[in-house]
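The values are calculated or read from the model by the stated rules, or taken from the named source; none is laboratory data. Quantities reported herein were computed from a predicted structural model and do not represent experimental measurements. Neighbour counts are summed over all protein chains in view; Cβ atoms, including those assigned to glycine, are modelled from backbone coordinates with ideal geometry. Calculation scope for accessible area: heavy atoms of the full protein, side chains included, ligands and nucleic acids excluded. Shrake-Rupley method; radii C 1.70, N 1.55, O 1.52, S 1.80 Å.
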Amino acid sequence: MKTKIVTKEDLDILNNEGIHHIFPDKIKLSIQMGTCGKASGAERIYHIIKNKINTDILLTSTGCIGLCEKEPMVNVFVPGYYPVVYCDLDEEALEELLPAWIQGELPEKNCLMQLNRTTFNTNGPILKVKENIPQMEEVSFFKLQKKIALQNSGIIDPFSVEEYTGRGGYYSLYHVLKDLAPEKVIEIITDSGLRGRGGGGFLTGRKWQSCRNAPGEPKYVICNADEGDPGAYMDRTVIEGDPFRILEGMAIGAYGIGSPEGYIYVRTEYPLAVETLHKAIREAREYGLLGEHIFGTDFSFDINIRRGGGAFICGESTALMASIEGKVGEPRVKHIHTVVSGFREKPTTLNNVETWANIPAIISMGSEEFKKIGTKGSTGTKVFSVVGKIMNNGLVEIPMGITVKEIIFDIGGGIPFGKKFKAVQTGGPSGGCIPEKLLDMPVDFDELKKAGSMMGSGGMIIMDEDTCMVDVARYFVSFLVQESCGKCTSCREGTYQLFNILNRITEGQGKEEDITLLEELSETIIDTSLCALGKTAPNPVLSTLKYFRDEYDAHIKEKKCPARVCKALIEYRIIPEKCTACGKCRKACPYNAIAGEKKVPHQIIKDKCVKCGICFEICPFDAITKV
Amino acid sequence: MEEKDICTIKIDGKKISLAKGSTVLEGAKMLGIFIPTLCYHEALPPRGNCRLCIVEMSIVKRGRTYSWIDASCVYPVEDGLIVQTDTPKVRRERKLILELLLSRAPDSDVLNKLAVEYDADKNRFVSSDNGDSNCILCGLCVDVCNNLMHSSGIGTAFRGINKKVVSPFNITQEVCTGCLACISVCPTGAIKARFEGENLNIETWNVKLKMLKCHSCGKPFYPGVYVDMLKDKVTMAEELLKKCPECRRKVFRLSVK
């Protein structure tokens, strides 16, 4: 049984303990074990290290620091120095590195960077910086970033409330409960200009205020962790790396709104996030940071977890609330807002993970400081998952207002294999594609909307010249066809027909009038759909039509796919001058569609070829082309 | 009623005052303005599923005019709202919605009649394969079964284009009382049921119910389970309940004499 934290002294003791955990007097190895780390083999690294070290060395886990491309990563702490992050680890590298670490050495091999005073702010002791090792702010991936929601991810042990407190956690909640009236809390959040990070970008403080003013008890707060966009994993990383931040944020919100009960709706496909949240909630309850009379005040608040079954629509507020109530996850009309009548028909405030994660930071830094970050209309930072055809796949947190170009080329490191950038899809499946000519656009809620896309929850999918934009639109619409709940006609039938038309075009069956039909259908779906899923579903079609009309025309009029993606419109051919008749393609072809003998250039038999592309990939002489 | 609880709106140029919480469709009905609907039924709360009742709305707020399209069956009236029920844009979008509905239920009489009115082309879109059913997934049958009859004999399964109304797990279920409320609310006649000798066979829900024979004339009249359910709901002697409506009337007629 742990002692409940009641007074400032209790909190200070916990903070001290935490600092001691983060900077112990022994060597400490922290393996980055987020889902992305585990997928790259972090568990294996963990076990190898565990078997080779003795009890003099501490071994812990931490979340993801953002550079998923270079996992598995280990943070090595040697007393006296700031932790050093090692990346791209495997068995071979460990053989050399582990003995050195055990000796208290910090070699340069596989070394990514050293965390330092900037990373740790004012928390903890002042330690030495290692020469020859790049500092965090010198690494291009981190240089332009500004971490608030991801402040602790990849740095602290996510299961340790001590380490969270050691980084300044729970002081905001203490300050709020002891010194501030609920109205004042809402005032600070409103003044900070924080806008919801889940998609709509509604002013968080105003939402809280409406909920507080709405009649009806009890009021509820909900955290939306039903992140379903393809290629997006911001919320998962925040939960896996820093769960207490969300619990603290929710408690602060609940105090402001006047709510005794909160829910976290998290998708079952995030087993590690679910487990992390369960552990964190249990821990917080033991310390009295959730439950009755938090910090000895009259404020009581507890959080429950509800797992979602994997329906994208359940990220929509009313569908999410229906799902928590145990009903079919379908949205309802929102002419009466959920802040007035939401979960169990009571006033309910729903914010997503990243929004809640920003709350403790806003309280601790003050709204004035927070407003200095970002742009006038969009304050603060935003986490993006930058994925696709990009060098540094990963999670970045940037101050609002930096350009898309900076994210892709400075932070992301540009497009691999010297390919040309074509477009970036922001805002998930219902966002839009931004072309090269708009790369200098600053990232904020209003600018993205103007360009026909949206901020969404922060997915960013980078596409290079080998991407067919019609195929991209078809892919995103097919996702929405699968994920439409089927309640209203426009979305259910409309997106299905959009998909059919796009499919027809990519198969070379497109007709000239299809473009007008796509536009007409899109207009009706946007105007008449019941919820935001339908209202934004045509965005991928409209934005690609707007910026990449020539590709549609090529598919329809010339029956050609300029990016050579759409199978029905391409053909594989062997260039006889380049073919050395090595026979590799002939052996690899699963359909025996390549004919040839030794020393005679090979040929593809058209009737047998299914255009799988294996020959194209395997040819060592680039003798196969797509036309 | 206090003044603040009354909203005055204009529909197609005609003014009407309604109680707060009323819908635009209700206002239109009072004014005798026809708005086509499919998923609307007076006995049930509106759901806004079929989207056929869309209208163009506009309102002036803080000096700016906002206008948009929305479903009239679920839109609550607000002071100063101006509604137009039959503009070219509304007609164009209704036509497209009809075409989408026809791609699901091409043989539905009610849809085909509306298609003539709105000049909808039922072959513009490929069929969204739905077997031979005329179901347009309006949700009325599920609502009436669950929330009015409290039987919960049917529900929706799957989602999106694959969504279907089925009995639980699409197998024979035992909660259906054969009240046939689902058939009475279905706008497209998509639910199939027939009397086969002494049985009521509701094929769409995999239900076969034995009919009760009238205690007087011996003619099968209601499913037995339905009569059992009525016992708890109406104050009528059991002996009377077990007679067919015809014979029951005779008894009443005698008692009036």
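Listed here are the helices (runs of 4 or more DSSP H) enclosed by segment A:189-268 that have at least 1 residues being hydroxyl-bearing (Ser, Thr, Tyr) and farther than 23 Å from residue A:371 by Cβ: A:234-241. Restricting attention to segment B:164-185 and to residues that are within 14 Å of chain A (Cβ to nearest Cβ) and either in a loop (DSSP other than H, G, I, E, B) or not hydrophobic (A, V, I, L, M, F, W, C) (or both), the residue that is most open to solvent (accessible area, probe 1.4 Å) turns out to be B:164. Considering segment B:1-90, the qualifying strands (runs of 3 or more DSSP E), each wholly inside and each with 1 or more residues that are in contact with a helix residue (DSSP H, G or I) (Cβ under 7 Å, 6 or more places away or on another chain) and of a type in the set (D, E, K, R), run over B:14-19, B:54-61.
Residues considered: A:324, A:305. Of these, the only one that is touching a His at 6+ places or on another chain (Cβ under 9 Å), open to solvent by 10 Å² or more (accessible area, probe 1.4 Å) and not assigned by TED's automatic domain parsing to the domain that holds residue A:478 is A:305.
Out of (1) more than 25 Å from residue A:233 (Cβ to Cβ); (2) buried (at least 24 other Cβ atoms within 10 Å of the Cβ); (3) within 14 Å of chain B (Cβ to nearest Cβ), the odd one out for residue A:470 is which? Evaluating residue A:470 over (1) more than 25 Å from residue A:233 (Cβ to Cβ); (2) buried (at least 24 other Cβ atoms within 10 Å of the Cβ); (3) within 14 Å of chain B (Cβ to nearest Cβ) leaves (3) as the failure. The set of residues in segment B:112-133 that are more than 14 Å from every other protein chain (Cβ to nearest Cβ), surrounded by 12 or more Cβ atoms within 10 Å (Cβ to Cβ) and modelled with pLDDT under 90 contains only B:133. Figure legend. Inter-residue proximity from segment B:214-227: first residues under 9 Å from residue B:243 (Cα atoms), second residues aromatic (Phe, Trp, Tyr), beta-carbon distance below 8 Å, spacing 6+ or different chains. Indicated pairs: B:214/B:221.
Applying the selection to segment A:267-281, what residues are open to solvent by less than 10 Å² (accessible area, probe 1.4 Å) and touching a Gly at 6+ places or on another chain (Cβ under 7 Å)? Correct list: empty. Considered as a group, the residues in segment B:148-158 that are more than 9 Å from every other protein chain (Cβ to nearest Cβ) and under 18 Å from residue B:178 (Cβ atoms) include one that is most open to solvent (accessible area, probe 1.4 Å), and that residue is B:150. Selection of segment A:57-85 for residues being out of contact with any Ser or Thr (no Cβ under 6 Å at 6 or more places or on another chain) and farther than 25 Å from residue A:412 by Cβ yields A:57, A:58, A:59, A:61, A:76, A:77, A:78, A:79, A:80, A:81, A:82. Right, residue B:161: among the aliphatic types (A, V, I, L, M), more than 14 Å from chain A (Cβ to nearest Cβ), open to solvent by less than 40 Å² (accessible area, probe 1.4 Å) and in contact (Cβ under 8 Å) with a residue 24 or more places away in the chain or not? No, not satisfied.
Within the set B:74, B:60, the sole residue that is crowded, with 18+ Cβ neighbours inside 10 Å and of a type outside the set (S, T, N, Q) turns out to be B:74. For the residues A:525, A:515, A:501, A:505, the requirement of being touching a residue at least 24 places away in the same chain (Cβ under 8 Å), among the β-branched types (Val, Ile, Thr) and facing chain B (nearest Cβ under 10 Å) singles out A:525.
Okay, residues lined up against (1) under 29 Å from residue B:52 (Cβ atoms); (2) in the same structural domain as residue A:388 (by TED's automatic domain parsing); (3) free of Cβ contacts under 8 Å to residues at least 40 places away in the same chain:
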| site | (1), (2), (3) |
| --- | --- |
| A:430 | yes, yes, no |
| A:435 | no, yes, no |
| A:445 | no, yes, no |
| A:460 | no, yes, no |
| A:485 | yes, no, no |
| A:489 | yes, no, yes |
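In segment A:291-316, what residues are in contact with a Gly (Cβ under 9 Å, 6 or more places away or on another chain), more than 14 Å from chain B (Cβ to nearest Cβ) and either of a type in the set (Val, Ile, Thr) or part of a loop (DSSP other than H, G, I, E, B) (or both)? Correct list: A:294, A:300, A:303.
Just one of the listed residues (A:147, A:178) is open to solvent by 40 Å² or more (accessible area, probe 1.4 Å) and in contact with a strand residue (DSSP E or B) (Cβ under 6 Å, 6 or more places away or on another chain), namely A:147. Just for segment A:323-343: of the residues that are within 12 Å of chain B (Cβ to nearest Cβ) and in contact with a Phe, Trp or Tyr (Cβ under 9 Å, 6 or more places away or on another chain), which one is nearest to residue A:483 (Cα to Cα)? So, considering only residues that are within 12 Å of chain B (Cβ to nearest Cβ) and in contact with a Phe, Trp or Tyr (Cβ under 9 Å, 6 or more places away or on another chain), the one nearest to residue A:483 (Cα to Cα) is A:333. Of the residues B:143, B:86, B:109, the single one that is touching a residue at least 60 places away in the same chain (Cβ under 8 Å), farther than 28 Å from residue B:180 by Cα and more than 8 Å from every other protein chain (Cβ to nearest Cβ) is B:86.
Of A:329, A:377, A:401, all but one fail to be within 23 Å of residue B:75 (Cα to Cα) and either assigned to a helix (DSSP H, G or I) or not hydroxyl-bearing (Ser, Thr, Tyr) (or both); the exception is A:329. Restricting attention to segment A:18-64, the residues being among the polar types (S, T, N, Q) and over 31 Å from the mean Cα position of the chain (by Cα) number 3.
Kindly check whether there is at least one residue in segment A:21-43 that is small (Gly, Ala, Ser), in contact with a Gly (Cβ under 7 Å, 6 or more places away or on another chain) and farther than 20 Å from residue A:286 by Cβ. Scanning segment A:21-43 turns up at least one residue that is small (Gly, Ala, Ser), in contact with a Gly (Cβ under 7 Å, 6 or more places away or on another chain) and farther than 20 Å from residue A:286 by Cβ. What are the residues in segment A:536-586 that are β-branched (Val, Ile, Thr) and open to solvent by 60 Å² or more (accessible area, probe 1.4 Å), if any? A:580, the sole residue that qualifies.
Let's see how each residue does on (1) open to solvent by less than 20 Å² (accessible area, probe 1.4 Å); (2) closer than 23 Å to residue A:62 by Cα:
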residue: A:153; (1), (2): yes, yes
residue: A:163; (1), (2): yes, yes
residue: A:193; (1), (2): yes, no
residue: A:203; (1), (2): no, no
residue: A:209; (1), (2): no, no
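Among the residues making up segment A:483-535, those that are at pLDDT 95 or above, among the aliphatic types (A, V, I, L, M) and open to solvent by less than 30 Å² (accessible area, probe 1.4 Å) are A:498, A:501, A:502, A:505, A:515, A:517, A:518, A:521, A:525, A:530.
Per-residue answers, yes or no, for (1) touching a residue at least 12 places away in the same chain (Cβ under 8 Å); (2) of a type in the set (Gly, Ala, Ser); (3) more than 19 Å from residue A:114 (Cβ to Cβ):
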position	(1), (2), (3)
A:27	yes, no, no
A:55	no, no, yes
A:86	yes, no, no
A:94	yes, no, yes
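Pairs are defined by a Cβ separation below 6 Å, a sequence spacing of at least 6 or placement on different chains, a first member in segment A:103-118 that is open to solvent by less than 20 Å² (accessible area, probe 1.4 Å), and a second member that is hydroxyl-bearing (Ser, Thr, Tyr); the pairs so defined are A:114/A:82; A:115/A:82; A:116/A:82.
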